[in-house]
Each structure stands twice: as C-alpha cells, then as structure tokens.
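The values are calculated or read from the model by the stated rules, or taken from the named source; none is laboratory data. Computed from a predicted model, the values in this text were never measured in an experiment. Every residue, glycine as well, gets a Cβ built from its backbone with ideal geometry; the counts of neighbours run over all protein chains shown.
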Amino acid sequence: MHREIPLFTLTGVQNAEITEHPITTGDGLGLNLTRFRRDESDDIVLVIHGLTTSMDMFIMPEHENLVSYLLDNGFPDVWTLDYRMSNRLPYNRSMHRYTMDDIALYDYPAALNELRDVVGHDRRIHVIAHCLGSVSFMMSLFSGVVSGITSVIANSVGLTPRVPNWSRVKLAVAPTLMEWVLGQPYLDAAAGSAPRFSLGWLMSKAVDLFHPECDVPACHMLSLMWGTGWPALYSHDNLLPVTHRRGGDLYGATGLHYYRHVLKMVNAGRAVKYEDNPAYASLPTDYLAGAADITTPVLLTTGDNNRVFANSNIVCWRRLEEVAPRRHELKVFPGYGHQDVFMGKNVSRDVFPEMLEFLKRQGA
C-alpha cells in the first residue's frame, strides 16, 4: 500500500520538544498523552479527538494544524490525548462493551492527573475536544468527575446529541447487524484495502455503489459509519486532495457498542448514563442536571453544514443558556461540517482564530 504521508507521523509539528506519557486508567487500560512543548506556560491546552480518529487529526503535516497553530500563537505547551476511542490503540478492533460513561469516569481523570503531575497543579488547563471526545469530556466535567478546568471548546456535539433520521436508523441497526449477523466486531474506514473477497473488502465494494461523489473507498465507508450525506463528515472542497485520499489512515476502525450509547442519548435528547450499574454510581443519570453549577466557560462550535450531529451544539448552547445565562458561547462556522472544522485546508484562516481568541480571553 502506497502512502503519500507516513502513518502516525509526527512531522506535522516542528521545533517542539515531543514527549510521550503513558497512563493507566482505573479500569486497567493503557492510554497515551503526547506533549508538544516549546516553552514554559501558565496555560496548558489538552486536545481530544473523536471516535475513529486520534491525535493525528491535530498534527497533520499537509496543512497548518491545530497543535502547530497553538504553539505559534501564544500557547507553547500543548498536549494530545489518545484515549480508548483512538485508532492508535487496539480497543476498537474487538467486540468490546465500553461506553462513554467509561471514558468520562476513567480516561479523563487519569489523563489530567498525569498532566498535572508533570506541569504542576497551579497551571490553567484548557481543553479542546471533538465529536464523541467532546460528548464524553463534557460528561466528565458536568458530572464533577474532573474539575479545575479553565475553559473548554467542544466541537460538533456536546450534551444534546442530535442526528439525521437515516443516522438514527443506522445507530439502531448497525451494532446487532455487524456483531451478531455478520460476525464483525468493528467497522473500518480502510476496509477497501483489506484482502480481496474478505468480508470487509466486499462491504466496502457494496458501499461504493451508493457513493458516486468521489473515487475514494475510505470516504464512502466513513459516510456509512457516521452521518448522512455524500460525503457525510466534511465537504470535499474543504479538504486538500491528499487529506481526502488518506482517510483510511486518519480514521480507523470503531467498535459498535458506542453506537448504542449514542442512540440512547439521541432518544433521550440529552447525555444520559448508559446503564444503572454500581460501577457507575458516581455518575449522574442525566449529565445536564447539574449544568447550572458548572462554572467552566464552554465555547460550543460547529459547522453550519454538519451532517453528522446536525444542530446538536446549537441546541446544547440554548439549553445551557437557560440555566447559566451568558456563561457559555456558540460559534457556527459557515461552509464547514463535522470533521473539516479541524482537518480542512483553510482552518488556520477560517476556524482556529476564533478558538484562539476564546482561549486568550479565558487565560491570564
């Protein structure tokens, strides 16, 4: 398989000291933090990816990426977290039963404890999160599991997940169909590169028939896995051709059980706990219930053409505004969708300045 850009490359961030910090969660999983440091800072930024992606979506070498932009513009100490949804880790290539409750309860506390042990407990910590990373971090914050966060930027979806009707059907059908009918524990954006006539390869070829909008099989698989559209995750015009072509590397496999939790939240109209289990007794049934008590300001962002989580963050901002007027903010990016808010070719011009301005207002 020919790659134009190496898999898991770190070359997208230059002139920074890069160190890795392995962590262990309370339920026994190994995760990884990566630190990109140019200087000491009182403001630390932690960046969190979504499901099927990884830290790689924030350090892409083909365009000015988020980590480099922050380092160049007053935030010289940036960390990325590869938690259990990361395609750099093996957990999604199994028939697991993890939910976003697990991530909220175990992954973020472990990550923040390690980060604070390294940088000191007196630093301001800002979080930028995307997709289900955004949902799960907001769950962790609004349940009180994590605290002391100076600000949050939550992209695409927060505590009120909403999806198009066809996406709701897929969320309801896909887990059982894949796991128990087809015997597949995960969906993989790179299935088209699997051996010929394997089940993944055949599925990718079948999906291709319904997506004439481009000739990249990984793009078609992504539209099957998430959202409703041709394509669903982004607008083609917003991506560099090389970014479009390497979708099978940037988005990995995903276990299906997370879909069940998303569906429960969509049906409830808000973030809720997946099941009543003594192991999750410290988590609320309704993560919005204590929203008035959370003083951390949140900037909710989304593209105005979001075909994955629709107007979720607009609804979330309205809900938060009702209980905590003027505490949180909303920014809608014209011409953008779900994933291209971070992975588009012009995000350093169209998107990142708005995020930077919010971060600087929350700092010193």
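For the range 187-199, residues that are closer than 15 Å to Leu256 by Cβ and surrounded by fewer than 21 Cβ atoms within 10 Å (Cβ to Cβ) total 1. Among residues of the range 103-119 being surrounded by fewer than 24 Cβ atoms within 10 Å (Cβ to Cβ) and among the charged types (D, E, K, R), the one that is nearest to Leu263 (Cα to Cα) is Glu114. Which ones in the range 13-27 are of a type outside the set (Val, Ile, Thr) and out of contact with any Asp or Glu (no Cβ under 8 Å at 6 or more places or on another chain)? Hits for the range 13-27 are Gln14, Asn15, Ala16, Glu17, Glu20, Pro22, Gly26.
Looking across the range 43-81, just one residue is more than 19 Å from Ala111 (Cα to Cα), part of a helix (DSSP H, G or I) and among the charged types (D, E, K, R), and that is Asp72. Among the residues of this structure, Asp117 does not count as one that is more than 19 Å from the chain's Cα centre (by Cα), at pLDDT 95 or above, part of a loop (DSSP other than H, G, I, E, B) and among the acidic types (Asp, Glu).
Within the range 41-70, the set of residues being hydroxyl-bearing (Ser, Thr, Tyr), modelled with pLDDT of 95 or more and buried (at least 24 other Cβ atoms within 10 Å of the Cβ) comprises Thr53, Ser54.
Of all residues in the range 230-240, one or more are within 20 Å of Asn305 (Cβ to Cβ) and free of Cβ contacts under 8 Å to residues at least 12 places away in the same chain.
Given the condition under 25 Å from Tyr98 (Cα atoms) and either in the same structural domain as Tyr336 (by TED's automatic domain parsing) or surrounded by 16 or more Cβ atoms within 10 Å (Cβ to Cβ) (or both), answer yes or no: does some residue in the range 204-213 qualify? No, the range 204-213 contains no residue that is under 25 Å from Tyr98 (Cα atoms) and either in the same structural domain as Tyr336 (by TED's automatic domain parsing) or surrounded by 16 or more Cβ atoms within 10 Å (Cβ to Cβ) (or both). In the set Asp39, Asp56, only one residue is within 17 Å of the chain's Cα centre (by Cα) and acidic (Asp, Glu); that residue is Asp56.
Please tell me if Pro353 is free of Cβ contacts under 8 Å to residues at least 12 places away in the same chain and part of a loop (DSSP other than H, G, I, E, B).
no
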